[in-house]
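The values are calculated or read from the model by the stated rules, or taken from the named source; none is laboratory data. This is a predicted model, so every value here is computed, not measured. Cβ coordinates were reconstructed from backbone atoms using ideal geometry, including for glycine residues, and neighbour counts include every protein chain displayed. To get the accessible areas, we keep the full protein, side chains included, count just its heavy atoms, and leave off ligands, DNA and RNA. Shrake-Rupley method; radii C 1.70, N 1.55, O 1.52, S 1.80 Å.
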Amino acid sequence: MSATPRPRCRATTQKGTPCRLPAQPDSPYCHIHAKLQAAALQKQLRARHDSLRQDAPPDETRPLSTPEELQDLLNQLLSRLSPEMQDWLLVGLRRLLASEWFDHQTWQGIVYVLRVAAETQIDMLSRRLQGDYEVDEWGYDPEIADAIMPILGFFFHRYWRVEMTGLEHIANTGRCLLVANRGGGLPLDGMMIAYGIREHHPAHRLVRGLIDDWFSSIPFVSSILTKTGQVTAHPDNARRLLADDELVLAFPEGARGASRLYRQRYQLARFEDGKFFEAALATGTPIIPVAVVGSEETYPLLANAAPLARLLGLPSFPITLTFPWLGPLGLI
């Protein structure tokens, strides 16, 4: 059985030809060019450091961090990234060092950000590896939830540019049941609702989304959903959450709402289970309807391959303009 050949080094020789040596396992360069790249970066950092020290204001009392310190911080962060991402960041840093606007304050700011990022990540990882973190009885992990918030914020503000109205109907405290229509097969609508309420509601409340059972069969996804506060959709879970004065989000259409075709857009499917409403009535919980608008035009479902969905154990297998023809890219 032959071993998989290692990729070639990305560097160019002095003659202008591509290097023929194999790249190191943790670098896009061979053992020779990896040292040359590090030496070149060190030399450029030293030159910029000396230049900035000469141009620093006379009353500057805070000393400049040394190039060695900056490179050590960079190495700590780059070691967690793929070789391709390391190469991209190093190229960007070299361009930044060569730019005219890289002044004394910029140097200090970069060192500060890198130091805080490195210390925070290393501290959090060391604590979590030792089991020094807390989750509630539902598996909610505040640290993981906070780490994911910037990613959700990108999709909320930049990618889909979500707009929310009616947040004033949600009380700052106390139990409440949000009932929403399904906007697709993936739990993206619930994630955007939860992010919007946490970020823009005056009380920044945590939303406990009730998710379908089949998500528990996806190892990575189920863990992330649990750690961000989501709970399996079951009437008993809903009753317990409401009794604890939680803010609960339910999608009573269930899998039927996820398999709605484009020609049926915004036509509510028959509710699969009314026990969520029974739990709300039993606990005296106010019910607030939520309308998700726009997603069914953004990602139109042309057909549902039901036999294939049953074979894979999924509630539906969507056929869209881009999926499954483009593979995972078709989900974007």
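Taken together, the residues in the stretch 30-48 that are surrounded by 17 or more Cβ atoms within 10 Å (Cβ to Cβ) and modelled with pLDDT under 75 amount to 6. Kindly check whether there is at least one residue in the stretch 302-325 that is farther than 26 Å from GLU168 by Cα, open to solvent by 70 Å² or more (accessible area, probe 1.4 Å), touching a residue at least 12 places away in the same chain (Cβ under 8 Å) and not in a loop (DSSP other than H, G, I, E, B). No, the conditions are met nowhere in the stretch 302-325.
Within the stretch 272-282, restricting attention to residues that are open to solvent by 60 Å² or more (accessible area, probe 1.4 Å) and in contact (Cβ under 8 Å) with a residue 12 or more places away in the chain, the residue that is farthest from ARG240 (Cα to Cα) is GLU272.
Picking from residues in the stretch 161-192 that are aliphatic (A, V, I, L, M) and closer than 18 Å to PRO150 by Cβ, the one that is least open to solvent (accessible area, probe 1.4 Å) is MET192.
Looking across the stretch 283-293, the residues that are exposed (fewer than 13 other Cβ atoms within 10 Å of the Cβ) and either within 29 Å of the chain's Cα centre (by Cα) or not in a loop (DSSP other than H, G, I, E, B) (or both) come down to PRO289, ALA291, VAL293. The residues of the stretch 13-27 that are within 36 Å of the chain's Cα centre (by Cα) and either exposed (fewer than 10 other Cβ atoms within 10 Å of the Cβ) or at pLDDT below 75 (or both), listed by number, are GLN24, PRO25, ASP26, SER27. Just to verify a result, which residue in the stretch 201-235, among those that are assigned to a helix (DSSP H, G or I) and in contact (Cβ under 8 Å) with a residue 24 or more places away in the chain, is surrounded by the fewest Cβ atoms within 10 Å (Cβ to Cβ)? Across the stretch 201-235, the extreme among qualifying residues is SER217. Return the residues of the stretch 252-271 that are of a type in the set (Lys, Arg), part of a helix (DSSP H, G or I) and surrounded by 12 or more Cβ atoms within 10 Å (Cβ to Cβ); say none if nothing qualifies. Scanning the stretch 252-271 gives a single hit, ARG256. Screening VAL179, VAL248 for residues that are aliphatic (A, V, I, L, M), part of a strand (DSSP E or B) and under 14 Å from TRP138 (Cβ atoms) leaves exactly one candidate, VAL248.
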